[in-house]
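Colleague: Okay, here's the structure, questions in a sec.
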């Protein structure tokens, strides 16, 4: 029985063709084959016959694909032909003084609002990620972010006002 690395090197093209037949597209086939080989590796020494290895790996590929299809987040996943656009470049028209002034306004916010605004917009975390970091619900993150942004708008428009006061 060959060792795992030499088996994969020799049989990879055939196994990839099988994975592509099962998955339907080359990108998913690559992922499917990789995931399946990761599952086969710990059991490799238990295989008694070299001829049975192909059947075992093909069966693992098929079962792994079925397992993928049972996962709700996988059902709507489609391989893209092109790479999506990258995030937009940071604005270059903001001066250092303006950025420092904005940060001073953020520091004037109450702690919960400051944390929510900083995590959401400075660290670019999602609402759920921010809630996990702060140990609160997503609704609390949304309300603190909303209140924080309203206070920042108020402070920017009326520099001497307090972040907690409301203006009509």
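Colleague: Efficiency by 1/(1 + (r/R0)^6): what FRET value for residue 98 and residue 146, r their Cβ-Cβ distance, R0 = 25 Å, to the nearest 0.05?
Modeller: The calculated FRET efficiency here is 0.60.
Colleague: Ranked by Cβ crowding within 10 angstrom, fewest neighbours first, how are 158, 27 ordered? Don't jump to the answer; show the numbers that get you there.
Modeller: Working: 158 11, 27 14.
Ordered from fewest to most neighbouring Cβ atoms within 10 Å, 158, 27 come out as 158, 27.
Colleague: Also, I was wondering about something else. If the viscosity is 1.306 mPa s and the temperature 10 °C, what translational diffusion coefficient in µm²/s does Stokes-Einstein give for the range 4-75 when Rh comes from Kirkwood over Cα pairs?
Modeller: Diffusion coefficient, whole number: 128 µm²/s.
Colleague: Pop a pseudo-label 7 angstrom from the Cα along the beta-carbon direction at both residue 108 and residue 31 and give the gap in nm to one decimal.
Modeller: Rounded to a tenth, the inter-label distance reads 4.7 nm.
Colleague: Can you sort 96, 57 so the residue with the fewest Cβ neighbours within 10 Å comes first?
Modeller: Fewest to most other Cβ atoms nearby, the residues stand as 96, 57.
Colleague: Which residues among the range 106-129 fall inside the zone where the amide N is under 18 Å from a point 7 Å beyond the Cα of residue 158, along Cα→Cβ?
Modeller: 106, 108-110
Colleague: What percent does the relative contact order of the range 4-75 come to when contacts are Cα pairs within less than 8 Å and at least six residues apart?
Modeller: Details: 43 pairs, mean separation 22.5, N = 72.
That works out to 31 percent.
Colleague: Please report the projected area of the range 96-157's Cα convex hull averaged over all directions, in nm².
Modeller: 3.9 nm²
Just so you know, all these numbers are worked out from the coordinates, no wet-lab data involved. Quick caveat, the model's predicted, so the values are computed rather than measured. For neighbour counting, all protein chains shown are included, and Cβ atoms are generated from backbone atoms with ideal geometry for every residue, glycine included.
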